[in-house]
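The block underneath contains the structure these notes are about, expressed in structure tokens.
Rule-based calculations on the coordinates, nothing more; no lab input. Values in this document were obtained by computation on a predicted structure and should not be read as measured data. Heads up, the Cβs are rebuilt from the backbone with ideal geometry, glycines too, and the neighbour counts pull from every protein chain shown.
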Amino acid sequence: MTSAPLTRTWRPDWPCPVGAVLAVHRRGAGDPTYRLRPDGSVARGIRTPAGATTLVVRAHPTVGEVLAEAWGPGAQWALERLPRMLGADDDPSGFVPPTVLDRAWRRHRHWRLGATDLVLESLVPTIIEQKVTGQEAFAAFRRLVRRFGEPAPGPVPDLWVQPDPATLRTVPSWEWLRLPVDGGRSRPVVAAARVAESLERAGATSYEEFDRRLRSLPGIGVWTSAEVRSRALGDADAVSFGDYHVPADIGWALVGEPVDDDALRELLEPYRPHRHRVQQLVTAAGLGRPRRGPRMAPRTHLPGRA
């Protein structure tokens, strides 16, 4: 029998687009830690410092409220941080978008950058996404969660929570290959799990200091750091340099042609400390480079791939 949830009703100062804010945490359509429900609510399986929880969030725009329900040991922790998760601490004032993004900014003006304050939750799937196609990364993450995670507490069917650090540290190399996740990605995940508590504490430091500490780990570079900072810490200036598509997409949107990372830095320099907003707007508006050429193909040589 499922116990009654803890609940919270929150009235944000702006029309908060709950689904758009939380969507960055969805790792592919089949992400077992994220569910879009028939009533329009979003359900997330979360491992908080207090334990696993199911968090269900639904917006009531007609009355300007957000209703949240949470089950499990981490329920209170999650509800206390609900406004921050939905972008209450994000400040877009002072951001003037590139002219070509004016329409996109007006359309998405209520979007805010949320922060979970859960470093490992963002770091593990981000590492798995390094240097592979989204198709391969999302499938491997699904298998990792279903094989080594746990069902989320509460009534949401087939909702799961990521494995805890202790479990990640004990996954043998051959099990990683069956997911499939090669050693170049599994080793950084295990290394991060060994210092998980230190990483979570580092999340309370400045963005610069967090970046320095995170990138001191083997296999963690500028792209991974930016992806984690934007989701876990709400860093509105985090740019995914080193991405397969980001420089080309932003270059295409702003100057009509793909660019490399060096040129992207120059293009985005005038938009500090809001460079991540430019990246997000290009994605939200679908203004990236047309996909006309051959796409990066999923690899087929790892064990466990059909």
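What the table shows:
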read-out: Burial ordering of T54, T116, T133, fewest other beta-carbon atoms within 10 Å first; value: T133, T116, T54
read-out: Cβ-derived FRET efficiency at R0 51 Å, V100 paired with A4, nearest 0.05; value: 0.55
read-out: Over the range 6-95: Kirkwood hydrodynamic radius from C-alpha pairwise inverse distances, Å; value: 13.5
read-out: Hypothetical label at V195: residues of the range 212-237 whose amide nitrogen lies under 11 Å (7 Å Cα-Cβ projection); value: 212-220
read-out: Whether the chain is rounded, prolate or oblate, judged on the alpha carbon gyration tensor where a/c under 1.5 counts as rounded; value: oblate
read-out: For the range 17-168, convex hull volume per residue from C-alpha positions, Å³; value: 138
read-out: Mean separation of Cα contacts under 8 Å (6+ apart) over length of the range 6-95, as relative contact order %; value: 31
read-out: Potential lengthening between R212 and E150 on full extension [0.36 nm per residue; Cα-Cα distance subtracted]; value: 19.1 nm
read-out: The chain: most fluctuating residue of E121, E65, E208 per GNM, C-alpha cutoff 10 Å; value: E208
read-out: Rough spin-label spacing in nm, given labels placed 7 Å along Cα→Cβ, for A20 and T170; value: 4.4
read-out: Extended-chain gain in nm, criterion 0.36 nm per residue less alpha-carbon gap, S93 and D158; value: 19.4 nm
read-out: V259 long-range amide H proximity, modeled H, under 5 Å; value: A248, G251, W252
read-out: For W174, W10, W160, order by how many other beta-carbon atoms lie within 10 Å, fewest first; value: W174, W10, W160
